[in-house]
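In what follows, a structure is listed as structure tokens, so that the remarks can point back to it.
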Amino acid sequence: MPAPGSLPPVADALDGRHVFVTGATGFLGTALVERLLRSVPGCRVTVLVRPTRRLGAEARAQREIIRNDCFDRLRAELGDGFNAVVTERLAAVGGDIGTDGLDLDADGQAALADADVVVHSAATVAFDAPLDTAVEVNLLGPARVADAIAQVADRRRLSHPDRPPTHLVSVSTAYVAGTHQGEATETLFDEARRSGARARTHTTVTTEVDLDAEIESSRRLRADLESESRRPARLSEFTKAARAELGAAGTHLLAERAERLRGDWVHRRLVEAGSARAQALGWPDAYAFTKALGERALVSRYGASVPMTVVRPSIIESALAEPRPGWIRGFRMAEPIIVSYARGLLKDFPGIPEGIVDVIPVDLVVAALVVVAAAGPDPAGPRAVHVASGVRNPLRYGELQSLVQQWFTEHPLYDADGQPIVVSDWSFPGHGRVQRQLERATKVLKLLERVLGALPVRGKQAEMAAGIEERRDRAERALSYVELYGAYTETEARFRVDRLLELQTRMTPEDRSAFCFDPAVVDWERYVFDIHLPSVVTHARVRSTPGRSTMAGRAERARLAILSPDRHLAAFDLENTLVASNVVESYTWLATRHLAAGDRAVLAAKILRQAPALLAMDRRDRGDFLRTFYRRYEDAPAGLIRADSMELFHHLLLAKSFPAGFARIRAHRALGHRTVLITGALDFVVDPLRPLFDEVVCASLGEDAEGRFTGRLEHLPPTGEARALALAEYAAAEGLDLGESVAYADSASDLPLLECVGFPVAVNPESKLAALARRRGWHVEQWDKAGGGARPPLPMGPLDRHVSRWWARIDGVLDDLAAGGTAPAVRQRA
């Protein structure tokens, strides 16, 4: 029998008991559920899981908890009996801690009433969470769980009169101490307040805060920002930014992007508000701030009615031993910094070399939670228990950086060319210095990105613009790491673990070994070198072997997928996708074909001068540009134009074609794929290409009784969303699946076409599309122009001395365009 004051064995204390867990789909919660099922065979576990639109609570529990590799050890130990044990001992109920009453149905309420222990580990753990989200989950969440327990307390007493009240174990964080200096004791806010001024030098932040006012303010702030974001001036800003990013992508895509930018704006302002409010009151960020207020709300409102223990881990990282060394789920605080450093993206980071990085392996935290649950609540009232290493077994920041640098020097990551990445020495500069350097770099890169994005570049030149954007993303990511985590590398708080160690002395020797939570057992050099960093590299899926990969690269894998027999159809744009030409060049070629010799170069030169104005019109609205420009064909002899179109094709379009594009069309046809050409060009321009395609969607002009073009479109040019709709209609009529189809295009204006298929390909993309393709992981191909002799500097057709009255009108119309005339004015002139 245990000695007086000692604890019974954990397995005995929890035998036949029911443990209710929130946050089980998270890092800590998953490890806790696994440990209870594996090491406490006599208990039952219920997990609270928020259903989604597609998955109920049980389906989510199976997919996100049981199928996690955390359960590989238990699965191997139980073999064929694994599923039976899980079915018998684990249940899932739907609910949401962000809702009063936890949104429990009858089964959920019954499970909660039956629970002997509730471990509340659900939280918004992001340091940059929006203020209102952090308040709803981290501040109100623990109190909501306690309130739900109180609501079913009478039901529990009636059904289980011989069992004690439910014990709530609420997971908080040691950093509720805020920007504390020196030792922080395991003291709750109410205890500190009762202790007076002397406690203020040894405990958490004791600033008095009106909880109800903070809650109401965060909710009102969301509503205020939502209203502000919908003001006309703001909406204009978002629309302008969307157009700058997507160009003439189409009304619906621009509206969709503008709305997303509006939501992002609200989100950023809520994040900024959370950081500002937290720092004003002495906490580094909204996470620590709302967790601290969550403790206060929980203890002050329910401390007298619900038995409870608050467990405060420090920075939870990969497992020391359980369920296996190095097990981790998701990236924690340190991993993004470590990987960015190893990849050469982060050259320096602020911090105090002598400062303590208070890291604790996840299995030590899980063991502490299990033992706290088995020990039961303190009869004296709510108590806090730290699970931290800084006092018992400190890891210095300078030591950690040295170990990381040494490990990646011995085991470097490799770049795309298979060359080792050399990691740098950190100089441990101040927080402000690093932040200012990154802010300056971000501003310069943004300026370069805007300049390159405004230039009419495409192909490899556009890839340079996409590369600038990638470097800007890296700088912004590094800046966010400094802003989010810099305070944690400069903190001087040391979290005492007196109650944790006192709990250890009361355990049986067997339990001290089986449920070890003593930070002193961690050999930091072995943990970092042999356990944590190898796990981080594996988890990050970064390249850790030298030389060029013998496996097919990403581009080759994409090509194989595109040219798979499983694809259904391939859709192609024409201009700058199959040929390096456009409607203006075709028009100029046809016009100069029949101008007098002296006027040919004059007309071509005028059009060159107009290029910026024409480009601007095209970027504003592709459809309006085409409709306006095609008015130039009014009164043109249709028969003559159609007769010239074959010569146009051979003289201009083939000379400026991309042979790889035509080879790709043939490859798709050879595989049995349908081929579709979707272009804003006129029918007589694309007629020579019809034999290559099963379907051609293009524009066409009306003709009058005399066989002349009217200048009005018989079939509108498919642009923006119209291209996607045309392709969707064709696929539906032919019974084809767009998800198994390919689309080739060069411009951001073709986004609807690219987005509607399963395999989008950006061909010689202009800068906006190049950037979008990089962000979305789309396949990009660079196709070279046809070779063979010098090309004329201007797109002029071979001289034909026949001059018609229509061609004589051209100069006046083009002068209007050159002068920047509006579309209606140019139409009237035409």
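The values are calculated or read from the model by the stated rules, or taken from the named source; none is laboratory data. This is a predicted model, so every value here is computed, not measured. All Cβ positions, even for glycine, are placed from backbone atoms using ideal geometry, and neighbour counts span all protein chains on display. Ligands, DNA and RNA are stripped out before the accessible areas are found, and what is left, the full protein with its side chains, is counted by its heavy atoms. Shrake-Rupley method; radii C 1.70, N 1.55, O 1.52, S 1.80 Å.
Please tell me if residue 395 is modelled with pLDDT of 85 or more and in contact with a helix residue (DSSP H, G or I) (Cβ under 8 Å, 6 or more places away or on another chain). Taking the combined requirement at face value, the residue satisfies it.
The residue that is farthest from residue 208 (Cα to Cα), among those in segment 237-273 that are among the small types (Gly, Ala, Ser) and at pLDDT 90 or above, is 258. Of all residues in segment 705-729, those that are of a type in the set (Phe, Trp, Tyr) have Cβ atoms under 8 Å from Cβ atoms of residues that are open to solvent by less than 20 Å² (accessible area, probe 1.4 Å), 6 or more apart or on another chain, in 709/633; 709/636; 709/638; 709/641; 709/701; 709/702.
Of the residues that sit in segment 10-39 and are assigned to a loop (DSSP other than H, G, I, E, B) and in contact with a helix residue (DSSP H, G or I) (Cβ under 6 Å, 6 or more places away or on another chain), which one is nearest to residue 378 (Cα to Cα)?
Here is the first cut: in segment 10-39, the ones assigned to a loop (DSSP other than H, G, I, E, B) are 14-17, 23-26.
Within this subset, residues satisfying the condition of being in contact with a helix residue (DSSP H, G or I) (Cβ under 6 Å, 6 or more places away or on another chain) are 14, 23-25.
Numbers: 14: 17, 23: 24, 24: 25, 25: 29 Å.
Per the criteria, the residue is 14.
Among the residues of segment 697-712, the ones that are surrounded by fewer than 18 Cβ atoms within 10 Å (Cβ to Cβ) and of a type outside the set (Gly, Ala, Ser) come to 5 in all. For the residues 375, 367, 384, the requirement of being touching a residue at least 12 places away in the same chain (Cβ under 8 Å) and in contact with a Cys (Cβ under 7 Å, 6 or more places away or on another chain) singles out 367.
One residue stands out in segment 345-387 among those that are in contact with an Asp or Glu (Cβ under 8 Å, 6 or more places away or on another chain) and small (Gly, Ala, Ser): the one that is nearest to residue 542 (Cα to Cα), namely 351.
Only one of the numbered conditions (1) at pLDDT 80 or above; (2) open to solvent by 70 Å² or more (accessible area, probe 1.4 Å); (3) under 28 Å from residue 624 (Cβ atoms); (4) out of contact with any strand residue (DSSP E or B) (no Cβ under 9 Å at 6 or more places or on another chain) is not met by residue 733, and that is (3). The residue that is farthest from residue 583 (Cα to Cα), among those in segment 665-691 that are free of Cβ contacts under 8 Å to residues at least 40 places away in the same chain and either surrounded by fewer than 17 Cβ atoms within 10 Å (Cβ to Cβ) or of a type in the set (Gly, Ala, Ser) (or both), is 670.
For segment 177-210, the candidate set comprises residues that are polar (S, T, N, Q) and at pLDDT below 75; within that set, the residue that is nearest to the chain's Cα centre (by Cα) is 179. If you go through segment 639-654 and keep only what is surrounded by 19 or more Cβ atoms within 10 Å (Cβ to Cβ) and either basic (Lys, Arg) or over 22 Å from residue 709 (Cα atoms) (or both), you end up with 652, 653.
Just a yes or no: is a residue in segment 761-782 open to solvent by 10 Å² or more (accessible area, probe 1.4 Å) and touching a His at 6+ places or on another chain (Cβ under 8 Å)? So far as segment 761-782 goes, no, none of its residues is open to solvent by 10 Å² or more (accessible area, probe 1.4 Å) and touching a His at 6+ places or on another chain (Cβ under 8 Å). Candidates 423, 372: the one that is hydrophobic (A, V, I, L, M, F, W, C), at pLDDT 90 or above and either more than 28 Å from the chain's Cα centre (by Cα) or farther than 30 Å from residue 580 by Cα (or both) is 372. Could you grab me the full set of residues in segment 90-111 that are surrounded by fewer than 18 Cβ atoms within 10 Å (Cβ to Cβ) and assigned to a helix (DSSP H, G or I)? Of everything in segment 90-111, those that are surrounded by fewer than 18 Cβ atoms within 10 Å (Cβ to Cβ) and assigned to a helix (DSSP H, G or I) turn out to be 100, 101, 103, 106, 107, 110.
Can you say whether residue 407 is touching a Leu at 6+ places or on another chain (Cβ under 6 Å) and surrounded by 18 or more Cβ atoms within 10 Å (Cβ to Cβ), as far as the supplied structure shows? Judged against the criteria, residue 407 is a match. Among the residues of segment 71-83, is there at least one that is surrounded by 14 or more Cβ atoms within 10 Å (Cβ to Cβ), in contact (Cβ under 8 Å) with a residue 12 or more places away in the chain and either small (Gly, Ala, Ser) or over 22 Å from residue 319 (Cα atoms) (or both)? No: zero hits. Out of all the residues in segment 29-48, is one or more surrounded by fewer than 19 Cβ atoms within 10 Å (Cβ to Cβ), touching an Asp or Glu at 6+ places or on another chain (Cβ under 8 Å) and small (Gly, Ala, Ser)? The answer is yes; a qualifying residue exists.
Restricting segment 248-302 to residues that are among the polar types (S, T, N, Q) and open to solvent by 10 Å² or more (accessible area, probe 1.4 Å) leaves a set whose member that is nearest to residue 745 (Cα to Cα) is 251. Residues in segment 146-167 include at least one that is within 23 Å of residue 293 (Cβ to Cβ), of a type in the set (Asp, Glu) and out of contact with any Lys or Arg (no Cβ under 7 Å at 6 or more places or on another chain).
Surrounded by fewer than 19 Cβ atoms within 10 Å (Cβ to Cβ) and within 30 Å of the chain's Cα centre (by Cα) - does that describe any residue in segment 347-368?
Yes: one or more hits.
Any residue that is open to solvent by 20 Å² or more (accessible area, probe 1.4 Å), assigned to a helix (DSSP H, G or I) and within 28 Å of residue 139 (Cβ to Cβ) - is there at least one of those in segment 52-61? Yes - at least one qualifying residue is present in segment 52-61.
In the set 510, 556, which member is modelled with pLDDT of 90 or more, part of a helix (DSSP H, G or I) and open to solvent by 30 Å² or more (accessible area, probe 1.4 Å)?
Residue meeting the stated conditions: 510.
Of all residue pairs spaced 6 or more apart or on separate chains, those with beta-carbon atoms under 6 Å, a first member in segment 211-230 that is modelled with pLDDT of 90 or more and a second member that is open to solvent by 40 Å² or more (accessible area, probe 1.4 Å) are 225/269.
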